[in-house]
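Q: Pasting in a structure now, in structure tokens, and then I'll have a few things to ask.
The values are calculated or read from the model by the stated rules, or taken from the named source; none is laboratory data. Since the model is a prediction, treat every value here as computed from it, not as a measurement. Please note: Cβ atoms are built from the backbone with ideal geometry, for glycine as well, and neighbour counts cover all protein chains shown. Please note that ligands, DNA and RNA were not included when accessible areas were found on the heavy atoms of the full protein model with its side chains. Shrake-Rupley method; radii C 1.70, N 1.55, O 1.52, S 1.80 Å.
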Amino acid sequence: MVIGAGIIGVCSALELQKRGFQVTLVEADRPAAGASEGNCGLLAVGSVVPFSKPGTFKKVPGWLLNKNGPLSIRWNYFPKLIPWFLEFLKASRASRIQEISQGLAALTEHAFDAYEPWLEEAGIKDLLKPHETLIVYETEQEYRDDVANLQIEKDLGFDYEELSKSRLRELEPSLSDQFACGVRLKGWYYFADPKRLVTSLYDLFVRKGGTVVTGTVTSINVENGRATSVNFCGQPPESFDNVVVAAGVWSRKLADKLGDKLPVEALAGYSTTVSDPGIEVKHAITYAAGGFVITPMESGLRIGGTIEMGGVDSKPDFGRAKVIAEKAKRVFNGLKNVSGTEWMGYRSFMPDTLPVIDRASSASNVFYAFGHGQIGITTGAITGRLVAEMVGREQTSIGLAPYSARRFKD
Ligand SMILES: Cc1cc2nc3c(=O)[nH]c(=O)nc-3n(C[C@H](O)[C@H](O)[C@H](O)COP(=O)(O)OP(=O)(O)OC[C@H]3O[C@@H](n4cnc5c(N)ncnc54)[C@H](O)[C@@H]3O)c2cc1C
């Protein structure tokens, strides 16, 4: 059984099926109901420097004081966030930044080759656009502030190209002329509809004989170090040989019940997709000062980003989607209309930005695959491959130590 039909669960189900397993994919709502729907779609291969990178701490107070800034915290939830922030602090040490970046790079360097056969088989190669992501800077200083992080990425094999003001305008003529310079991130392509990516892969899984069930898994029953059955849909417990927990941020509850107290938090993000923006855009664009991304999706121009920490049960504040959509007007000449379809999704975020890809401590046939933060679309296919290798008791194609479920136990 695979729990959760987001990008991680669907890719895991396909890879398991490929190895001959009979797979049941259980989804509480519908495929891509969680974070995998309205995100920015980047194959962000070089996004390997963790959120706890140097400079983040310095910026946090300013961000929090600005109600329209890129980060907000629901203060009534803050006490529950303290353990997460303590781990975040530990993950900000220079030596950890290097280790974490290597751990993320080990995943992202396989992002494309892990997806390629599935895109081909599902007939959706058209979804991956060949244009590389641009970062745009309002001042040279903003660019210089970013160079240390770009250099870490470069050292790990993810190169970038500096772009002058005029070169930026040449590549993307709709950009406003307020940008002093930019960079082009090598190999950072984008999916022009992450929801279609997930639903097409889900359909492929079904076509190949996979079983899908709509229902919420409430618990996994364990005896003598093995999961014996799963409770879902309010039916009598059903047994499975192996269980994969790929329920995004909701995985925490299931892991908790299995005795793994993991510091996974919901970092809400928002997007607005403008179906008639009135401008042409080819590249995905990261607006450095605004802290958000603009992607030309099939359904329109998507403006997405921001972080809100208030727990998984907090009510969305779509004002945050409107704030970034308004700011996007500054990025382009001629972008007048920014009203569109608003969306909110929870990134399941570990304090060190590394996902959890591991076995449960209390059950040798339960496997975790969650906590992919801001790069779950990028790392979906490679995570699926690793999950299937673990379940099949194969040697995994990369070492899984960085993604251990036990790394927060000192
Ligand atoms: C604004 C924003 C922009 C982003 N941009 C990018 C980007 O450009 N590139 C990138 O790589 N990543 C991006 N991300 C991150 C990416 O969206 C996530 O990392 C990824 O979608 C996580 O996938 P998932 O399958 O782990 O979780 P989810 O997509 O959240 O899926 C989990 C699924 O499990 C189901 N579920 C939950 N509990 C249960 C249960 N008990 N029983 C059964 N089913 C259950 C849910 O209904 C859901 O469908 C972005 C995220 C946000 C919020």
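Q: Which of these, ALA268, ALA192, ALA33, has the largest mean-square fluctuation under a Gaussian network model of the chain (Cα springs below 10 Å)?
A: The residue with the greatest mean-square fluctuation here is ALA33.
Q: Shape verdict for the range 83-234, please, from the Cα gyration tensor: rounded (a/c under 1.5), prolate (a/b greater than b/c) or oblate.
A: Oblate, because a/c is 1.5 or more while a/b does not exceed b/c.
Q: I've got another one for you. I'd like the accessible area for THR218: 1.4 Å probe, protein heavy atoms, all chains in place, Å² to the nearest 10.
A: Roll a 1.4 Å probe over it and THR218 shows about 70 Å².
Q: What size of dipole, in debye to the nearest 20, comes out for the range 72-193 about its Cα centre when the only charges are +1 on Lys and Arg C-beta atoms and -1 on Asp and Glu C-beta atoms?
A: Using only the charged Cβ atoms, the result is roughly 620 debye.
Q: Additional query: Say a paramagnetic label sat at a point 7 Å from the Cα of SER339, along Cα to Cβ; which residues of the range 276-302 have their backbone N under 18 Å from it?
A: Those under the cut-off are 276-279, 300-302.
Q: Which aspartates and glutamates does LYS58 reach when only Cα atoms under 13 Å apart count, and residues fewer than 8 places away in its own chain are ignored?
A: Cα-Cα hits under 13 Å: ASP145.
Q: Out of all Cα-Cα pairs in the range 91-169, roughly what percent, to the nearest whole number, are more than 21 Å apart?
A: 49
Q: In the structure shown, do any of LYS165/LYS186; LYS18/LYS186; LYS208/LYS257 have a Cα-Cα gap over 26 Å, and if so which?
A: Going by Cα-Cα distance, LYS18/LYS186; LYS208/LYS257 fall outside the 26 Å limit.
Q: Moving to a separate point now. Roughly speaking, what % of Cα-Cα pairs in the chain are separated by over 33 Å, rounded to a whole number?
A: Everything past 33 Å amounts to 29 percent.
Q: Then there is this: LYS261: which lysines have alpha carbons under 23 Å from its alpha carbon, excluding same-chain residues fewer than 8 sequence positions away?
A: LYS80, LYS90, LYS253, LYS409
Q: Answer rounded, prolate or oblate for the range 260-410, using the Cα gyration tensor with square roots of eigenvalues a ≥ b ≥ c: rounded when a/c is under 1.5, else prolate when a/b is larger than b/c, else oblate.
A: In terms of gyration-tensor shape, prolate.
Q: Rounding to the nearest 10 and keeping the result within 0 to 90°, find how far the Cα-based axis of helix 7-18 lies from the longest principal axis of the chain.
A: Long axis of 7-18 versus the principal axis of the chain: about 50 degrees.
Q: Same structure, new question: Could you do me a favour and compute the accessible area per residue for the range 124-251, 1.4 Å probe, result in Å²?
A: Spelled out: the 1.4 Å probe surface of the range 124-251, per residue, equals 46 Å².
Q: Percent of accessible area on the chain owned by carbon and sulfur, 1.4 Å probe?
A: The nonpolar share, carbon plus sulfur, comes to 52 percent.
Q: Sort LEU128, LEU354 by accessible area with a 1.4 Å probe, largest first.
A: Final ranking, largest accessible area leading: LEU128, LEU354.
Q: Right, here's the next one. Residue farthest toward the positive end of the dipole of the chain, with Cβ of Lys/Arg at +1 and Asp/Glu at -1: which of VAL26, GLN374, TRP84?
A: Checked the options; the winner is TRP84.
Q: Rg over Rh of the range 1-70, using C-alpha atoms and the Kirkwood radius, what does it come to?
A: 1.17
Q: Just the C-alpha atoms of the range 37-131: what Rg/Rh do they give, with Rh taken as the Kirkwood radius?
A: When Rh is taken as the Kirkwood radius, the ratio is 1.08.
Q: Something else now. Angle between the Cα long axis of helix 194-207 and the longest principal axis of the chain, 0 to 90 degrees, nearest 10?
A: Relative to the chain, helix 194-207 is tipped by roughly 30 degrees.
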